[in-house]
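Colleague: One structure coming up, written as structure tokens, with questions to follow.
What follows is calculated from the coordinates using simple rules that are stated; it is not laboratory data. These numbers come from a predicted model, not from an experiment. Counting neighbours? That spans all protein chains shown, and the Cβs are built from the backbone with ideal geometry, glycine included.
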Amino acid sequence: MGEPGSKIEFNFDGGAVQAEPGDTVASALYRAGRRIFTRSFKYHRPRGLLCLSGKCPNCLVNVDGQPNVRSCMTPARAGMQVRHQNAYPSLERDFLSAVQHFDWLMPVGWYYKTLTNPKMWHAAEPFIRKVAGLGDPPPTGSEREYEHEYRHTDVAVIGGGPAGLQAALDAARDNQQITLIDDQPELGGHLLYRPGSNASVKDTIAQLEALPNVLILRRSYSFGLYEGNLLGVLQPEPHAKAAERLIHLRTRRVVVATGAYETPVVFPNNDLPGVMLSTAVQRLIYRHGIKPGKQAVVIGTGDRAQDVSTDLRQAGVEVVAILLAESVVKAEGAEALRAIRTADRTIACDLAVICGPRVPDIGLVGQAGGALAWDASSGAFLPSQLPAHVTVVGEAAGVGLGPAVSSIAAFNGGKRSFVCLCSDVSVNDLAAGIAEGFDQIETLKRYTTSTMGPCQGKMCQLASIGVCSRESGRTFGETGTTTARPPNPSVTLGALAGPRHHPVRQTPMHYEHEALGAVWLDMGEWKRPRYYATPTCSEERACVEQEYRAVREAVGLIDVSTLGKLDVKGPDAGKLLDKVYTNRFSDLKPGRVRYSVLCDEAGIMLDDGTISRLSAGQYFITTTTGNLDFVQQWLEWWTVGTGWDVHITNLTPGLAAVNLAGPKARDVLQKLAGQVDLASASFPYMACRQADVAGVPALLLRIGFVGETGWEIHFPAEYGPDLWNALLEAGREFGIRPFAVEAQRLLRLEKRHVIVGVDTDALTSPFEAGMSWVAKLDKDDFIGKAGLLRTENQQPPQKLIGFIMNGPAVPADGAAVVVEGKLAGRVTSARHSPLNGAAVGLAWIVSEHAAAGQEFEIRLDTGSGRARVVDEPFYDPAGARLRM
Amino acid sequence: MTRRTALFHSHSQTGAQFVDYNGWQMPVRFTSVREEASHVVDAAGVADLSCIGKFDLKGRGVPSLNPPAGSQSWLLGRSHNLLTCLPADRERVLASIESAPDIYTTDVTSAYAGFLVVGPRSRDILRKLTSLNVSALSNLACGQASLAHVHAIVLREDLGALPAFHLLVSRYYAESVWESILHAGREFGLEPFGLEAWQELGGRG
């Protein structure tokens, strides 16, 4: 308070509010005369400032579109737009405050009791959805930026009060790395709002600030202590460009110096604006220089009542009475406090100052796995057992908490004696819950929602335990506490989600595709061209058909860099592949390629790909785009413990790959790879060679997913753009076209080639997929052999079949297969085939209808169509074109 | 045929000038050498050094290997090292390790994009991108961690007195990670710098 600076202005509900230097939003509003800050969650009762320390739910507002901001913890900033929430049309006149007159309709647990009939629920749902919840979500497309930061420290001291400062200084002298975390803009803790000298604390702060091994995080909330000593710390407005920063702080030790906070006392109408905690009143006076009221009744005893009375008088407030909590009968007033009534008199006042029970702020201790025990002398649960890396000091450990104070006044009956301010749970509600059998604190919490609101039990836990133990006839210690869980205080989802980094994978030819008019397809993190929109085609199907025709009639070029590529080296490489893949590889000759699938122990197909033997001790594996990581781990897993000399390296990011395919593919490639004889006699189907293409060292695999003469060319990624363009240039005279995923899907469907994971699922064996030839059951043991042997001679319940439509319709992927009116399978892929003039595809169908020539029905978006099972590939069934 | 880093397009868009560097098209400068170098010294800079030679070494012979002259060896795991060298030394280094017994070498130069983050604020920037404790990483130490949500190898290789971190990520993530680094560095005044400033600051090459 009293720092140099000038007044600023912000906006509240459309009106200007002046703020003094050092003001929070709450203090500026209070100074301007505002007394109602929010409306309560359930009954829409008026609520005013209560704790002024970020612990209670009474001052939540919307700041610049962000809901549920604690206004007492948010420094006033020029131009900020502050709005009330949970009241319509205004805080002063809230239509929904009428709800409290219908409270008889909403007893504790009323959802479960009242809305038992589905019809009633449907009738009530729209209204409940409208009024339930607290605050409006921020607008979508919000420009707020969230940051994450990762820090490491030896000691994290949480709390910048006298105990925390001393602990930090002591640890800093041991030359350790210290991180001191405090939720206020200024260090000092409760001394900031206590009058008198705190020179020694100022000195400690100065010493800490001068030490290079101490990092001080101000206005930072430690919201959770997680496994592995990870502390979650949230910083609002860390710098001009970020709304919030979440710090992941790894620490060796944690010192909890969070102090204690004051909590309310329960009596009728204890929630009226004007009923305020003594520490809040002291904050108003000493932090902000605000006279909190005109006439005050102080409710409490001993030094604390005397001290706050002195503070009030010095601030110019008339203290009209000092009462014991036991003598308070009720607070009176409708929208604000007017009087406090005792058994024999009514004392007019606008402020009731509660010297309530003080509770150590030790949620983090519970989260860390520490135990708490009831201490009757201080009237608090105190840490009794701590994990080795956690220390608790100061008031958080119970030091100087003072004598016990009861949470519950003598007169506390009635439905307006609030225990839980967040959810409007009264003493009566808790008593009703206990009477209904929810007499354990944990079940009572869930049934009544007491301690489950925005304050997370800070204001209500002790009183809830008090009511629970009284009604169930147990002691506080026997009743125990509810479980402390992070986050506390609450954290925005944006802060947890962090910055908008979405990793994207681009192939080396990404910008070549863009220049060619690629329409993109997201495949996991990959960007792949779906098709190329060129001036010669107007819509997808026409473009795809042009690409298709180029491959079938001339030559096409597709970027297949997304394929997984693994290098397997070592004398035992063949053994490993024999063990993991279903096909045989130890006898594969160098320079040859073999296709295989990979199965799990039960014989389920997990992936497929080609494996090329480059030399005696080196193989080159391709995997499907999405399964690379899995296949690599799977190979490594099955190597463990074998003692085999075999080494697997992922080459995927380092290699560009293209497939050059079509009757003219050889002519194009021969122009750039003059030194290799590409004729089938010397470079047959399923052979591989290492050779230079346009001067670039490349691996050529003669394989044919699309059913034409073709080469898959793998080469260093840095040559991607140049070699891609060189191939297109060399192919120009032959009518080359780049083709993309959609055309490839069509081309492979005509060849009846399966895509593992698209046409197969998590239960597919090679037998069902019609690929029994790929499983070499005469091999020594391999992964999946036992499972495959078991089903070898069984008729699988369903089969993957090729089909052709009788009409022009193209079924959607996933369309239902129907036989004699019954569901008999589903389509996995279907495309219009220019070759057949009708759609062709793959489908699962029950085995008795899977014979070639059988007809079945496929459900279409509109109506249904007839289809016929086809056994062989639709295009070039003998595979002659692949071998040309 | 020219070698292009995964950021060739991105550098061209920001107006970088290129030079042929051992067959690679590398950004030589973005603004001016003086400006770029002083940014690095005062705040932080980031350079695309994807052309640096990288070899993955596995096998029983790895722990006893003496790295060939001009190369730097980094311990990634048990019997698993990464060797880095200047592009000009790549073939000589490869030839020299291929003769060593019980070592399986894979050239992974193309597999990793490499970004050098240098300067007094480099640790502040990395703190926003990775959970790796970069402050505990001494010169010529390395670590592996998630960085901007992708796997990265972090090599600490100071440039003279300036702390410098060489970040290796799978090449296909290059643009994504580069943008994340620039975004994280905005508040600290991070700017890209080219080959010329790198050499001026003491980069070997």
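Colleague: May I ask for the distance between the Cα centers of segment A:139-180 and segment A:376-450, given as a whole number of Å?
Modeller: The two parts, judged by their Cα centres, are 29 Å apart.
Colleague: Could you please rank A:M771, A:M106, placing first whichever residue has the fewest other Cβ atoms within 10 Å of its Cβ?
Modeller: Exposure proxy ranking, most exposed first: A:M106, A:M771.
Colleague: Let me ask something else about it. Sorting check: for A:806-819, A:62-75, which peptide has the highest mean count of neighbouring beta carbons within 10 Å, and how do the rest follow?
Modeller: On the way: A:806-819: 16.9, A:62-75: 20.4.
In decreasing order of mean packing, A:806-819, A:62-75 become A:62-75, A:806-819.
Colleague: Which whole number gives the average count of other chain Cβ atoms within 10 Å of the Cβ atoms across peptide A:688-697?
Modeller: Mean partner-chain Cβ count within 10 Å for A:688-697: 1.
Colleague: Per residue of B:170-181, count partner chain C-beta atoms within 10 Å of its C-beta, then hand back the mean as an integer.
Modeller: Mean shielding by partner chains, rounded to a whole number: 6.
Colleague: With angles folded into 0 to 90 degrees, how steeply does helix A:302-314 sit against the dominant principal axis of chain A? Use alpha carbons for both and round to 10.
Modeller: It is inclined by approximately 80 degrees.
Colleague: Report, in whole Å, the centroid distance computed from the Cα atoms of segment A:222-254 and segment B:122-179.
Modeller: When both Cα centres are located, 21 Å separates them.
Colleague: If each residue of separation counts as 0.36 nm, what is the full-extension length gain between A:M523 and A:T791 once their alpha-carbon separation is subtracted?
Modeller: Values: separation 268, 0.36 × 268 = 96.48 nm, distance 3.36 nm.
So the chain would gain 93.1 nm between A:M523 and A:T791.
Colleague: If amide H atoms are built 1.01 Å from N in the plane of the peptide, which residues on other chains or at least 5 residues away come under 5 Å of the amide H of A:I408?
Modeller: Amide H neighbours of A:I408, under 5 Å, 5+ apart: A:V266.
Colleague: Hey, another quick one. For the protein assembly as shown, with only Lys/Arg (+1) and Asp/Glu (-1) charged at the beta-carbon, what is the dipole magnitude about the Cα centre, in debye rounded to 20?
Modeller: Rounded to the nearest 20 debye, it is 1260 debye.
Colleague: Taking θ as phi - 60°, what are the ³J(HN,Hα) couplings along segment A:655-664 by the Karplus curve (6.51, -1.76, 1.60), each to the nearest whole Hz, with x for Gly and Pro?
Modeller: After applying 6.51 cos²θ - 1.76 cosθ + 1.60, I find 10, 7, 9, 10, 10, 9, 9, x, x, 9 Hz.
Colleague: Along segment A:242-251, what does the Karplus equation 6.51 cos²θ - 1.76 cosθ + 1.60 (θ = phi - 60°) give for ³J(HN,Hα), rounded to whole Hz, x for Gly and Pro?
Modeller: Result, rounded to whole Hz: 10, 7, 8, 10, 9, 9, 8, 10, 8, 9.
Colleague: Tell me the chymotrypsin sites (Phe, Trp or Tyr not before Pro) within segment A:357-417 that lie in a loop according to DSSP and have at most 10 other beta-carbon atoms within 10 Å. Before the final figure, lay out each step's value.
Modeller: Working: sites: A:W374, A:F381, A:F411; in loops: A:F411.
The qualifying sites: there are none.
Colleague: Run the reach check for A:K445 against aspartates and glutamates, Cα to Cα strictly under 19 Å, same-chain hits fewer than 8 apart removed. What comes back?
Modeller: Here the aspartates and glutamates satisfying the reach criterion relative to A:K445 are A:D424, A:D429, A:E436, A:E471, A:E478.
Colleague: Lone cysteines in chain A, defined as no other cysteine's Cβ under 4.7 Å from theirs: which are they?
Modeller: Cysteines lacking a close Cβ partner in chain A: A:C59, A:C72, A:C349, A:C355, A:C422, A:C455, A:C468, A:C599, A:C688.
Colleague: Let me ask another. Return the FRET efficiency for the residue pair A:D154, A:E729: r is the Cβ-Cβ distance, R0 is 60 Å, and the value is rounded to the nearest 0.05. Intermediate values should be presented prior to the final figure.
Modeller: Working: r = 62 Å, r/R0 = 1.03.
Rounded to the nearest 0.05, the efficiency is 0.45.
Colleague: Per residue of segment A:696-710, what does 6.51 cos²θ - 1.76 cosθ + 1.60 with θ = phi - 60° give for ³J(HN,Hα)? Whole Hz please, x for Gly and Pro, Karplus curve as stated.
Modeller: Each residue's phi maps through the Karplus curve to give 9, x, 9, 10, 9, 10, 8, 9, x, 4, 8, x, 10, 4, x Hz.
Colleague: Which aspartates and glutamates have a Cα less than 14 Å from the Cα of A:K458, not counting those fewer than 8 places away in the same chain?
Modeller: A:K458 reaches A:E262, A:D361.
Colleague: Among A:G814, A:S772, A:P126, which residue has its Cα furthest toward the positive end of the charge dipole of chain A, with +1 on Lys/Arg Cβ and -1 on Asp/Glu Cβ?
Modeller: A:P126
Colleague: In which sequence would A:L323, A:L421, A:L835 go, from the one with the fewest C-beta neighbours within 10 Å to the one with the most?
Modeller: A:L835, A:L323, A:L421
Colleague: Give the average, rounded to an integer, of partner chain Cβ atoms located within 10 angstrom of each Cβ in A:649-662.
Modeller: Mean partner shielding for this stretch: 4.
Colleague: Place the peptides A:455-461, A:202-208 in order of packing, highest mean first, counting for every residue the other Cβ atoms within 10 Å and averaging per peptide.
Modeller: The most tightly packed comes first, giving A:455-461, A:202-208.
Colleague: Here's a follow-up. For A:F734, A:F856, what ranking results if the residue with the fewest other Cβ atoms within 10 Å of its Cβ goes first?
Modeller: Ascending Cβ contact count within 10 Å gives the list A:F734, A:F856.
Colleague: Lysine pairs, Cα distance under 28 Å, 8 or more residues apart or cross-chain: how many in segment A:734-884? Mind dumping the intermediate values first?
Modeller: On the way: A:K751/A:K776; A:K751/A:K785; A:K751/A:K799; A:K776/A:K785; A:K776/A:K799; A:K779/A:K799; A:K785/A:K799; A:K799/A:K822.
Qualifying lysine pairs in segment A:734-884: 8.
Colleague: Amide H to amide H under 5 Å from A:L180: which residues, 5+ apart in sequence or cross-chain, H placed 1.01 Å off N in plane?
Modeller: Under 5 Å from the amide H of A:L180: A:V157, A:L215, A:I216, A:L217.
Colleague: Could you work out how far helix A:199-210 tilts from the main Cα principal axis of chain A, as a 0 to 90 degree angle to the nearest 10?
Modeller: Around 20 degrees separate the two axes.
Colleague: Continuing with this model, one more query. Name the GluC sites (Glu not before Pro) in segment A:503-544 that are in a loop by DSSP and that have at most 11 other C-beta atoms within 10 Å, would you? Let's see the in-between values first.
Modeller: Values: sites: A:E512, A:E514, A:E525, A:E539, A:E540; in loops: A:E525, A:E539.
When the GluC sites (Glu not before Pro) of segment A:503-544 are filtered for loop state and at most 11 Cβ neighbours within 10 Å, A:E539 remain.
Colleague: Mind checking the angle between helix A:628-639 and chain A's longest principal axis? C-alpha axes, 0 to 90 degrees, to the nearest 10.
Modeller: Helix A:628-639 sits roughly 80 degrees off the main axis of chain A.
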